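Student: Right, I'll just put the structure down here and ask away after.
The values are calculated or read from the model by the stated rules, or taken from the named source; none is laboratory data. Small disclaimer: the values here were computed from a predicted structure and weren't measured. Because the Cβ atoms are built from the backbone with ideal geometry, glycine has one as well, and the counts that use them run over all protein chains shown.
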Amino acid sequence: MILDSYKSLCLLGVAFALSACAHAPAGAPSATPSGQIVVVATTSTLASLVRAVAGGVADVHALVPIGVSPETYEPTPRDVVALEDAPIVFENGAGLETWMAKLIATSATHAHVVVLSDAVTAANRGESTNRLRATNPHFWLDPNYAELYVTRITQALSAADPAHADAYRANAAAEVDRLEQLDLWTRKRVATIPVQQRAMITFHDAWYYFDRRYGLRDVGAIEPLPGREPSAKDLAALIELARANHVRAVFAEPEFSPRLAKQLADGAGISTVTDLYDDSLGDTPELATYEGMMRHNVATIVQALGS
């Protein structure tokens, strides 16, 4: 939740942003000195897909820092300024960034907000374990849905910057090819896991679409709601689920404390994996792109479940 004190800071940020951008006509695409348009994505993972399409033609920024969960993020006045400079803002939607609507309302942005999850039809959406939202929003962890995101990104960038539309389309075609190769590689790697060992318990409910695509069982998640720890009863139930489903590892993420994952793993007599990435990229070169992040994740899952 964005606090009232934050709103005051945001108003100061708005005033600064309006002053800094006064040279540009209202609604006109802002540009860097090199002529690049300025584009904002909510998360580093989404920003990676946008950069793949932009190919250096657009200057792409992520609001949520690497290593921070977008589900519990609290925006800063700097985010208000970032929105002022952007003709386009890409968000996932589907309840992931609950803070976005208030951030946009607080700012004076003229940006076109593109909701990437709108590319996924209702028939292909899965229910969320989070009672505050009806849909699981983590579509991008299925590379097939990431392709849909790329198409939507390409359309938005081409409309905002038609002079570079051909470049965006060419970059998108190359990215789709990489995603298709990623999908094929993932299928082959997951196929090496014995069928009876293809079960996952994760820290939060991010992996539903990945598991559904590649034939893994999504047994459960430690965190019942973003930022809320499970009760002792919830944790005990997960331990029983892990035993009943012969789960071999519990998967945590670097932005969260490993304490609960270790507690569950110790109770179920299984191993703990602490370096799965989903809402955020990593801070090393091999984890700096969507494809790099996903290849790391697949290798990590296969090693943990297949050994």
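Student: Does Ala206 qualify as being among the small types (Gly, Ala, Ser), over 19 Å from the mean Cα position of the chain (by Cα) and either assigned to a helix (DSSP H, G or I) or not assigned by TED's automatic domain parsing to the domain that holds Pro143 (or both)?
Tutor: The answer is no for Ala206.
Student: Check Ala160, Ala172 and return the single one that is closer than 28 Å to Ala54 by Cβ and surrounded by fewer than 22 Cβ atoms within 10 Å (Cβ to Cβ).
Tutor: Ala160
Student: Looking at Glu71, Glu84, can you tell me which residue is at pLDDT below 95, within 15 Å of the chain's Cα centre (by Cα) and over 16 Å from Arg152 (Cα atoms)?
Tutor: Glu71 is the lone residue from the list that is at pLDDT below 95, within 15 Å of the chain's Cα centre (by Cα) and over 16 Å from Arg152 (Cα atoms).
Student: Say whether the condition of being in contact with a Gly (Cβ under 9 Å, 6 or more places away or on another chain), under 24 Å from Thr43 (Cα atoms), surrounded by 16 or more Cβ atoms within 10 Å (Cβ to Cβ) and not assigned by TED's automatic domain parsing to the domain that holds Asp142 is met by at least one residue in the stretch 255-265.
Tutor: Checked the stretch 255-265: at least one residue is in contact with a Gly (Cβ under 9 Å, 6 or more places away or on another chain), under 24 Å from Thr43 (Cα atoms), surrounded by 16 or more Cβ atoms within 10 Å (Cβ to Cβ) and not assigned by TED's automatic domain parsing to the domain that holds Asp142.
Student: Further question: Lys102 is checked against (1) among the charged types (D, E, K, R); (2) more than 15 Å from Val40 (Cβ to Cβ); (3) assigned to a loop (DSSP other than H, G, I, E, B) and fails just one. What number does that condition carry?
Tutor: Among (1) among the charged types (D, E, K, R); (2) more than 15 Å from Val40 (Cβ to Cβ); (3) assigned to a loop (DSSP other than H, G, I, E, B), the lone unmet condition for Lys102 is (3).
Student: Can you tell me how many residues within the stretch 94-109 are among the β-branched types (Val, Ile, Thr) and surrounded by fewer than 21 Cβ atoms within 10 Å (Cβ to Cβ)?
Tutor: Final tally of qualifying residues: 2.
Student: Right, here's the next one. Do you know which residues across the stretch 54-111 are of a type in the set (Val, Ile, Thr) and in contact with a helix residue (DSSP H, G or I) (Cβ under 8 Å, 6 or more places away or on another chain)?
Tutor: Residues satisfying the conditions are Val57, Val60, Val64, Ile66, Thr76, Val80, Val81, Ile88, Val89, Ile104, Thr106, Thr109.
Student: Are any residues in the stretch 273-294 under 22 Å from Ala172 (Cα atoms) and touching a helix residue (DSSP H, G or I) at 6+ places or on another chain (Cβ under 7 Å), and if so, which ones?
Tutor: Selection gives Asp278, Asp279, Ser280, Leu281, Glu286, Leu287, Thr289, Tyr290, Glu291, Gly292, Met293, Met294.
Student: Further question on the same structure: For the stretch 275-293, name all the residues that are charged (D, E, K, R) and touching a residue at least 24 places away in the same chain (Cβ under 8 Å).
Tutor: Asp275, Asp278, Asp279, Asp283, Glu291
Student: In the stretch 110-122, what residues are buried (at least 21 other Cβ atoms within 10 Å of the Cβ) and outside any loop (DSSP other than H, G, I, E, B)?
Tutor: Across the stretch 110-122, the qualifying residues are Val114, Leu116, Ser117.
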